[in-house]
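Nothing in this text is a laboratory measurement; each read-out follows from the coordinates by a stated rule. Model, not experiment: these values are computed from the prediction. A quick note on method: Cβ atoms are made from the backbone with ideal geometry, for glycine too, and the neighbour counts reach across all protein chains shown.
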Amino acid sequence: MQASHDTHDHAHGDHGDHAHHGRAPGLMGWFMTTNHKDIGTMYLWFSFVMFLVGGAMSLVIRGELFSPGLQFVSPEFYNQMLTLHALIMVFGAIMPAFVGFANWMIPMMIGAPDMAFARMNNWSFWLLPPAAILLTGSLLVPGGAAGTGWTLYPPLSVQMGIGMDMAIFAVHILGMSSIMGSINIITTILNMRAPGMTLMRMPMFCWTWLVTAFLLIASMPILAGAVTMLLTDRHFGTSFFNAAGGGDPVLFQHIFWFFGHPEVYIIALPAFGVVSHVIPAFSRKHLFGYTSMVYAIAAIGLISFFVWAHHMYVTGIPLTGQLYFMYATLLIAVPTGVKVFNWITTMWRGELTFETPMLFALGFLFLFTVGGLTGLVLAITAVDIQLQDTYYVVAHFHYVMVAGALFSAYAGAYFWLPKWTGRMYDEALGKVHFWTSIVFFNVAFFPQHFLGLAGMPRRIPDYATQFTDFNMVSSIGAFGFGFSQLIFLWVVLKNIKGGEVALAKPWDGATGLEWTLPSPAPYHTFEDPPVVTEEHLAAAH
Amino acid sequence: MPTVMTAIPANNYRIASGLSLVAIASFLFAFVQPPLYRAFCEWTGIYDVQKADEFRGSLIAGRPITMEFDANTHGTGLRFTALQTSMAMHTGELVQVNFRVENLTNSTVTGQAVPSYGPKHAANFVKKLDCFCFRQQVFAPGEVRVMPVVFALDRNLPEDIGTVTLSYTFFEVPGGIGSNSGNSVGTNAPAATGSTATGSGI
């Protein structure tokens, strides 16, 4: 660590000509960097690699489901694929992607020189690769990886082999990384804003991350506690969840979903934040209803802790409990609706243009609302009892997670790529990426609503023959969607190699401190706090 | 502000340690859930964690009954005895009793046990889950075998019945499965005392 210390001090010691002071050369530079931009870049690349790994696993799933019967994989391996697909996509792809955005953009948005704890930031990132190796490596151990689904429900998770232990340790490590990252983000936002950047003038992306980071700190340790209890049930003779010893497996579901529902908003809120920047920029208007947006974010964050048992309507909870959780869940639609209406109103009478970031933001707006609507359908107890564990649920959460969070991440990536690399991406290729993604996404997931309504259960490698046609359509869409994502890789690589030089503010409608910096953003920025004026603010005024 | 990041402001550490405490509290919060969960469920009565025990209790909460067992043979070379001649039980309770059979002959004997009940109208209230009387039994020469009956008494057993006698009589099945016909030694084996086989339904 001494070397890191030196680099760090050196990098900041002579700030007069800071453009020449970067990270140490070679691979060790990446290991030891404490620069928020380097770490943001590493988060983004890590998440994209994990996205491709998790995506390949989903293609194993869709390949097997192309036709009824067992074609390519055993049922055990199928279960491992769907479990790892979910864990990798949630913890390895989507969450690190938005942490990457946070690292890159939050200091530049609030006028801070770096994150509050630069060295802890390095550690937050470098915990991720070991966790990823534990998760993917568990496929190679006897008995294979965890095959419980990402929810890790006992009794199955108490009984499985060593792959389960590896998944538990991976969750521990990922949790530590998230908590450290969150502490860093909260401290940065609360303590390191430039003078004049008051909380209620802060860009919306910072607001969403502030609430998200609180959600992470409150909920990730609960998941860590739950899997620790699983671990002691497995190896140390405790009976937290083991019914034979007086434990209760349903208790695990309560604890898991007490974490799991805030987790949904941990993923969704930063996505809301990105979209709240992109839509105003391409509408040439300020964000409509800034204050109501802030309160809506806080309300969503708070309510998310009180709706967990809507995942558990069929576990035998009493009717009063079902009714409470139903009404509480429906209540979340109110602040979410406020946000959707604000985005739409932002576009109202705006001068809209449809570059790739705007297209992805609109795709997000449209499809996330579809996913939210099916979520309301599922929230209704009487309906959910029929649809529980069917493909309707799978369709619902992929509309929210893929068309919601992932599309928002793409909107953000295309929006800020010129700032990161200093060059414009290939607009035509970006549009191809968007249109193939949105078409194939709907081909893949819309038929799953019909499958679920017809009663096809999720998490099975085989199915009754009447489901064949829709599954074939869905698989074709999934492969199309999967390969479309390689277009994004092509766009980014092409952008890194060359392209039209980007202006400091390549989007004429964009506002915010980050656009006052040259493109690409210098290695060190805002070492002297900027003067925040009204025209810099991304917030509506 | 020249040396920006060489020293982290003390205020940052204060926020970070406060947030760390929240994280630790959250972790501990997970571990207090098992006792809280149990207490909450017992207090509200929702999700009765004692439900399974109560269910078993309800099975044996019936009326006390004395059960008597009796064993006879008719024209076979078998010695047939009940290992337990009487027991106290409750209606609704599932019990198992054993009978012993010894083949006294030098040849294979095929027999069928036929039950009878005293009082006779108790027959409809003895619910057998399994019984050696459900099928023919083949005994090798000199074989000794212990055979079970698993049954419960119906809760609707008439109030005037306080004692139920279950009696079995073994009959030889000539030419039965595995039988060696014409070898019945001791055809007039002494009939044990007790109620006479009536041949009522099994």
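Some notes on this structure:
- Residue separation of A:Leu376 and A:Arg459 scaled by 0.36 nm, minus their Cα-Cα distance, works out to 27.6 nm of gained length.
- Between B:Val144 and B:Glu42, full extension at 0.36 nm per residue minus the direct alpha carbon distance yields a gain of 31.5 nm.
- Placing +1 on each Lys and Arg Cβ and -1 on each Asp and Glu Cβ, with no other charges, gives segment B:62-172 a dipole about its Cα centre of roughly 140 debye.
- Local electrostatic count at A:Pro68 - Lys and Arg +1, Asp and Glu -1, tallied over other residues with Cβ under 12 Å: -3
- Segment A:345-405: translational diffusion in µm²/s, Stokes-Einstein, Kirkwood Rh over Cα pairs, 37 °C, 0.692 mPa s: 254
- Ranked list, fewest to most other Cβ atoms within 10 Å of each Cβ, for A:Lys37, A:Lys497: A:Lys497, A:Lys37
- Sum of side-chain charges, B:Pro119 neighbourhood, beta-carbon under 15 Å (Lys, Arg +1; Asp, Glu -1): -4
- Taking A:Trp126, A:Trp420 and counting other C-beta atoms within 10 Å, the order from fewest to most: A:Trp126, A:Trp420
- Over 22 Å (Cα to Cα) - which of A:Lys285/A:Lys497; A:Lys339/A:Lys431; A:Lys37/A:Lys431; A:Lys285/A:Lys339; A:Lys37/A:Lys285; A:Lys339/A:Lys505 fall in this group: A:Lys285/A:Lys497; A:Lys339/A:Lys431; A:Lys37/A:Lys431; A:Lys37/A:Lys285; A:Lys339/A:Lys505
- Exposure proxy for B:Tyr37, A:Tyr414, A:Tyr290, B:Tyr13: other Cβ atoms within 10 Å of each Cβ, ordered fewest to most, give B:Tyr13, B:Tyr37, A:Tyr290, A:Tyr414.
- Neighbourhood charge, 13 Å Cβ-Cβ cut-off, centred on A:Asn184 and excluding it, Lys, Arg +1 and Asp, Glu -1: 0
- Computed [θ] at 222 nm, helices only, for the protein assembly as shown once each DSSP H run of length n ≥ 4 contributes -39500 (n - 2.57): -18000 deg cm²/dmol
- Debye equation applied to the C-alpha atoms of segment A:209-264, log10 I(q)/I(0) at 0.21, 0.27 Å⁻¹: -0.74, -0.99
- Two-site label geometry, A:Gln159 and B:Thr85: point separation in nm, points 7 Å out along Cα→Cβ: 4.9
- Equivalent ellipsoid, the protein assembly as shown (semi-axes from 5 times Cα gyration tensor eigenvalues, Å): 71, 26, 25
- Top positive-direction residue, dipole computed over the protein assembly as shown with Cβ charges, set A:Thr374, A:Ile487, B:Phe80: A:Thr374
- Selection from A:Gly422, A:Val443, A:Met472, by position along the positive dipole direction of segment A:389-511 (Cβ): A:Gly422
- Placed amide H near B:Thr165: partners under 5 Å, 5+ positions off or other chain: B:Glu68, B:Gly118
- Label zone (A:Leu486, point 7 Å along Cα-to-C-beta; backbone nitrogen cut-off 16 Å) within segment A:59-84: A:59-60.
- Both radii come from the Cα set of segment A:54-95: Rg as radius of gyration, Rh as Kirkwood radius; their ratio Rg/Rh reads 1.03.
- Computed E for A:Ala504/A:Leu352 - FRET, C-beta separation, R0 30 angstrom, nearest 0.05: 0.85
- Charge-dipole axis of the protein assembly as shown as Lys and Arg at +1 and Asp and Glu at -1 on Cβ define it, positive-most pick from A:Val99, A:Phe397, A:Ser177: A:Phe397
- In this simple spin-label approximation, A:Ile344 and B:Val95 carry label points 7 Å from Cα along the Cα→Cβ vector, and these lie 7.4 nm apart.
- With Rh defined as the Kirkwood radius, the inverse of the mean 1/r over Cα pairs, the Rg/Rh of segment B:62-172 is 1.01.
- Helix runs (DSSP H) in chain A reaching 27 Å along axis by Cα, Kyte-Doolittle at least -0.5: A:36-64, A:162-191, A:204-235, A:249-283, A:319-347, A:356-379, A:427-453, A:468-497
- Label-to-label distance, B:Phe134 versus A:Thr320, with points set 7 angstrom from Cα along the beta-carbon direction: 4.6 nm.
- Rounded to the nearest 20, the Cβ-based charge dipole of chain A about its Cα centre (Lys and Arg +1, Asp and Glu -1) stands at 480 debye.
- Computed from the C-beta positions of A:Arg119 and A:Val383 and an R0 of 35 Å, the FRET efficiency is 0.10 to the nearest 0.05.
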